[in-house]
Each structure stands twice: as C-alpha cells, then as structure tokens.
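Some notes on the structure that comes next.
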Amino acid sequence: MHDGDRLPSVRQLADDLRIAPGTVAKAYTELADCGIIDTGAGRAARVKRVKPIPEPLVRAAKTYADEARRLGASLDDAFNALCAQW
C-alpha cells in the first residue's frame, strides 16, 4: 500500500476476513495510534506517509537493543534509559 491509499471499511474487512468488526476496529485504532493510518469520523481510513528511518539510525538502534538485551534490561528500562539521555 502507498500513501493515501484507502483501506476497506471495518465492516467490509471483517466480512472479508470472517472476524468480528470489533477486532478490525481495534486494529485500525492501534494503527492510527502508531501513525500508520489516518482515520476520522465519517472518513475512510487511509494509509499515512511514514518517513523512512535513516539506515545509520537503524544500525545504532539495533546495537543498543542488542546490548540492552545482553544486560537483561526490559524494553521499558531500555526506553527509559534512552529518554534519560535525550
């Protein structure tokens, strides 16, 4: 999918996948909360442009995550340590 592409309605996707509409609605809400899709009352959900993360930053994050796991840190602890340094 690309920036601006329209997603199926909650009801349509639930019917297509044979799952409860509440499950689709919850997934759409989580995607919107993460900034991946744009939703609004009375509007179709659409894919939102997400800027790519620069490769050097991805490598640095992987190195940090690997070290944090090696030290036995939880994700919350690793995140809080990063925020404290910011």
* Find the residue count for the range 44-55, including only residues that are at pLDDT 90 or above and open to solvent by less than 90 Å² (accessible area, probe 1.4 Å). => 3
* Total residues in the range 24-43, condition assigned to a loop (DSSP other than H, G, I, E, B), open to solvent by 60 Å² or more (accessible area, probe 1.4 Å) and over 12 Å from Ser9 (Cβ atoms) -> 3
* Of the numbered conditions (1) small (Gly, Ala, Ser); (2) open to solvent by less than 50 Å² (accessible area, probe 1.4 Å); (3) modelled with pLDDT under 95, Ala65 satisfies every one except a single condition; which is it? -> (3)
* Would you check which residues across the range 14-23 are in a helix (DSSP H, G or I) and either open to solvent by 90 Å² or more (accessible area, probe 1.4 Å) or among the charged types (D, E, K, R) (or both) and list them? => Asp15, Asp16, Leu17
* To do: Starting from the range 5-17, take each residue that is within 20 Å of Val50 (Cα to Cα) and list its partners that are open to solvent by 50 Å² or more (accessible area, probe 1.4 Å), counting only C-beta distances under 7 angstrom and pairs at least six apart or across chains.
  => Asp5/Arg46; Arg6/Arg46; Leu7/Arg46; Pro8/Asp16
* If you take the residues in the range 1-13 that are under 16 Å from the mean Cα position of the chain (by Cα) and open to solvent by 80 Å² or more (accessible area, probe 1.4 Å), which one is modelled with the highest pLDDT? -> Asp3
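The values are calculated or read from the model by the stated rules, or taken from the named source; none is laboratory data. As the structure is a computational prediction, the values presented were derived from the model and not from experiment. Glycine gets a Cβ as well: all are built from the backbone with ideal geometry, and neighbour counts include every protein chain shown. Ligands, DNA and RNA are stripped out before the accessible areas are found, and what is left, the full protein with its side chains, is counted by its heavy atoms. Shrake-Rupley method; radii C 1.70, N 1.55, O 1.52, S 1.80 Å.
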